[in-house]
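J.: Quick one: the structure is below, and I'll ask about it shortly.
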Amino acid sequence: MTTTPRLESVLTCPVCGHARREVMPTDACQFFYECAHCKTVLRPKPGDCCVFCSYGSVPCPPVQQQRGGTGCGTGCCG
């Protein structure tokens with residue numbers, strides 16, 4: 001059974017708490033994201049493949065498809 005991945009996620013900056021809804025890429029992991037409020041450049045936490053898996057309300061589409069829509073695990077996204 002294939003589930004259509006959600007393509008929007010709310011990224012929350014761990015430095016200032018600013019949250020912003022973003023559209024996730026479907027063909028690649030996003031390694032960098034600049035907070036619109038404090039300009040901090042976010043990078044994935046160790047073990048996560050992208051900023052959406054680390055700081056988003058929804059993990060990236062490849063992880064959603066691999067894990068059935070739940071959290072990010074070590075070694076995700078190939």
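The values are calculated or read from the model by the stated rules, or taken from the named source; none is laboratory data. On a predicted model such as this, the values are computed, not experimentally measured, just so you know. Cβ placement follows ideal geometry from the backbone for every residue including glycine, while neighbour counts extend to all protein chains displayed. The accessibility values were calculated without ligands, DNA or RNA, using every heavy atom of the protein model including side chains. Shrake-Rupley method; radii C 1.70, N 1.55, O 1.52, S 1.80 Å.
J.: Could you check how many residues of segment 45-74 are open to solvent by 100 Å² or more (accessible area, probe 1.4 Å), more than 14 Å from Leu7 (Cα to Cα) and modelled with pLDDT under 95?
T.: 2
J.: How many residues does segment 1-44 contain that are open to solvent by less than 40 Å² (accessible area, probe 1.4 Å), under 11 Å from Pro59 (Cα atoms) and assigned to a loop (DSSP other than H, G, I, E, B)?
T.: Residues that pass the stated criteria total 3.
J.: Going through segment 13-31 one residue at a time, which ones are over 11 Å from the mean Cα position of the chain (by Cα) and touching a residue at least 40 places away in the same chain (Cβ under 8 Å)?
T.: Correct list: Cys13, Pro14.
J.: Restricting attention to segment 1-52, which residues are in contact with a helix residue (DSSP H, G or I) (Cβ under 7 Å, 6 or more places away or on another chain) and among the small types (Gly, Ala, Ser)?
T.: Residue satisfying the conditions is Ser9 alone.
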